[in-house]
Amino acid sequence: MISDNEKFNMQVKPNSVFLNELKSKLPEFFDLEGNFDLDKFKGQLKEHNINELSDGYQLNFIGKDYARRQAGEMPSTVIVPDEEQNNGEGKDSKNLFFTGDNLEVLRHLQNNYAGKIDVIYIDPPYNTGNKDFVYPDKFEYSDGKLKEMFGMDDVQVERLKSIQGKSSHSAWLTFMYPRLYLAKNLLSKKGVIFVSIDDNEYANLYEILTDIYGEIQVDTLIWNKESEGKSGTLKAVSQYRRIHEYIVVAYVNKKDNKFNKIHEALEGRENEFNTANLAVNGSNEDINHSNYFTLTSPNGKKYTRQWKWSKEKINELINEDLIYWGKDGEKQPRLILPMDERRTVYLSSILNYGSTTSGREDFEKLFSKDIFSYPKPIKLLKKILEATTSKESIILDFFAGSSTTAEAVMQLNAKDSGSRRYIMIQIPESTFTVNSNGEKIPAEGGKTAYEAGFKSIDEISRERIRRAAAKIKADNDLTLPKDFDGSFKHYRVVNPTKQTLEDIEDFDPDNTTLFTDMVDSFSSKGLDVAGDATGEQTILTTWLAKDGYSFDANIKKIDFDGYEASLVEDSRLYIINNGWSSVNTKSLLNKIGTHQIIVQTIVLFGYSFNIADLRELEIGLKQLDNNINLLKRY
């Protein structure tokens, strides 16, 4: 027997996701059998000249049909809650962190976060040719199946399969397309996505976003990654030094999307704002004080004084553009007074916020070690989010990396008492490999991280959030909002084990006896991951996402004569564990019949029921006056 999701995936075609979206928005162009009426659609377009439209540019690459099909598939993984984190420091948090393949996580989020994300920022692999990207997704179908699904011949199949493990442009496009397509479904009506990239894939990224969002919905920003001095990471070419990267922006509806104005320093306009001494009065200076140190102006002039704040605090003020160095940039620094120091402007198409060096320094303030390559600077992310979010926005980053986005969200919330929420997704990329002797050795580029005790990138991501939250609390002790959210709920998105898949395949729903406890195979222990989740908790969490519930949905345990089931939002009952019997059916029918509980839908884990108990439950529910929907899932 195959699972419900596998049955669905077998029917998916390259254009399934597009047709479903079209059907939801333009149902008048579909007949009773669900077929798209192309002639009717063409008739509506006649005044726009079909011939001109058909001659337009189209994005094509060898894996496009495969990528389109991936965008239409349902998840084959389960969501395992990290019960240790979620019942500990993350218990009251509204933020989410997913460890797993971002394509699978995006599939899971399609139901419970569709249309709810306000801003997406991602910093995906740049595909520079320096081993920063190889195509990781596996082709799970035979050559014959690939030919059947996509109408390919032998040569085309070989070309498609050749991208696996490669870093070609086609490989990168095939990797990015389904992820960007699914991401669009999550954006709100005024949602926007920002994607960082460099020259290597800029043109292809622009065309992907144009293909998905429409040509008029895409813009390009330029980030000057040397805006705060030499970054030390610039790639020289024979003609010039590259000091920029791109941030491609795509809107769900550009004409209705108005960005906020952001705060900018009035550098060089001293008559427009007031300043105050940053240094302690000369007669009160103490050369032995911890605040006695040297500050260097943008033009290199040094000032050694006792200052009113620590070096760390003053560096933060510098990063916030709250220090004034005079017109020529080399006067003794002064503090720009909070009420008068800044003007508000719209985000510029050329972004001079932070640098690759300051991004590394942001990270090293928390870890004291350079264990992550090229994290984006917090200042850049804060300006983007300041321009695009309200205090209640939800922000998604599905290439979380070092979690710069999460820290930027927390810093903004601390600054304006906001309640923005973030969703981070990071694959558990290992910092080590196993050699021929079975010994763990650091992976290329992962030596410092591995020696620091981090076995995977997602561990670094989560630890940065914890350390950043602690620092924000320490730095803003008196002004921090009481409801400041400095934590997250954590979930691991993983594949069932091979044994579980075999048990699913062998399962016969007509058997009167169950031989295998399928529920336990979905526990943390059964899936060989940390987190202490039971199989029931994993299945329930996975199904809640499928059914459109948030990860903080109201769940009540209801006892049916010794068997506990989960009632969600006082409407949907989930029956998952083994052991259901006639006694439990009688108790359920009694509670519903006497209105002790109100249930609209009952969802049960089919592998936990033998045929006799299942039929008894079905018959009993039909005899009730209540019209209850019974869903059996496999």
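When every Cα-Cα distance of segment 541-634 is counted in 5 angstrom steps from zero, the calculated P(r) takes the values 3, 13, 27, 28, 18, 9, 2 percent.
For the chain, the longest principal axis of the alpha carbon atoms and the long axis of helix 16-25 meet at an angle near 80°.
Taking Cα atoms only, the orientation of helix 611-623 departs from the longest principal axis of the chain by about 90 degrees.
Which of LYS189/LYS383; LYS255/LYS313; LYS25/LYS546 have a Cα-Cα distance over 32 Å? Cα-Cα > 32 Å for LYS255/LYS313; rest within.
Helical runs assigned H by DSSP (4 residues or longer) give the chain a calculated mean residue ellipticity at 222 nm of -10000 deg cm²/dmol, each run adding -39500 (n - 2.57) before division by the residue total. Here the convex hull built on the C-alpha positions of segment 318-458 has a volume of 150 cubic angstrom per residue. The alpha carbon convex hull volume per residue for segment 527-583 rounds to 104 Å³. Applying 0.36 nm per residue to the separation of ILE628 and ASP570 and subtracting their alpha-carbon distance, the gain on full extension is 19.5 nm.
Of the trypsin sites (Lys or Arg not before Pro) in segment 340-404, the ones in a loop by DSSP (not H, G, I, E or B) with at most 11 other beta carbons within 10 Å are LYS391.
Each peptide among 142-148, 406-412 gets the average number of other Cβ atoms lying within 10 Å of its residues, and from highest to lowest they stand as 406-412, 142-148. For the pair segment 241-264 / segment 527-564, the C-alpha centres are spaced 40 Å from each other.
Here is the P(r) of segment 468-625: all C-alpha pair distances, binned every 10 Å from 0, give 9, 31, 30, 17, 8, 5, 1 in whole percents.
Here segment 138-170 and segment 182-224 have alpha carbon centers that stand 26 Å from each other.
With equal scatterers on the alpha carbons only and no solvent term, can you work out the Debye log10 of I(q)/I(0) for the chain at 0.06, 0.07, 0.12 1/Å? Relative scattering, expressed as log10 I(q)/I(0), comes to -0.40, -0.55, -1.38. The label-point distance for LYS455 and ARG467, in a model that sets each label 7 Å from Cα toward Cβ, rounds to 2.0 nm. Helix 202-213 and the long axis of the chain differ in direction by around 50°, with both axes built from C-alpha atoms. Other residues lying with their Cβ under 14 Å from the Cβ of GLY90 contribute a combined charge of -2, Lys and Arg counting +1, Asp and Glu -1. Each Cα pair of segment 485-544 feeds into the Kirkwood radius, which the Stokes-Einstein equation turns, at 25 °C and 0.890 mPa s, into a diffusion coefficient of 190 µm²/s. Under conditions of 10 °C and 1.306 mPa s, segment 279-362 yields 109 µm² s⁻¹ as its translational diffusion coefficient, taking Rh as the Kirkwood radius over Cα pairs in the Stokes-Einstein equation.
Local charge for GLU505 was computed over the other residues whose Cβ lies under 14 Å away, with Lys and Arg +1 and Asp and Glu -1, and equals -4.
Coordinate-derived values only; no laboratory data. Small disclaimer: the values here were computed from a predicted structure and weren't measured. Backbone-built Cβ (ideal geometry, glycine too); neighbour counts: all protein chains shown.
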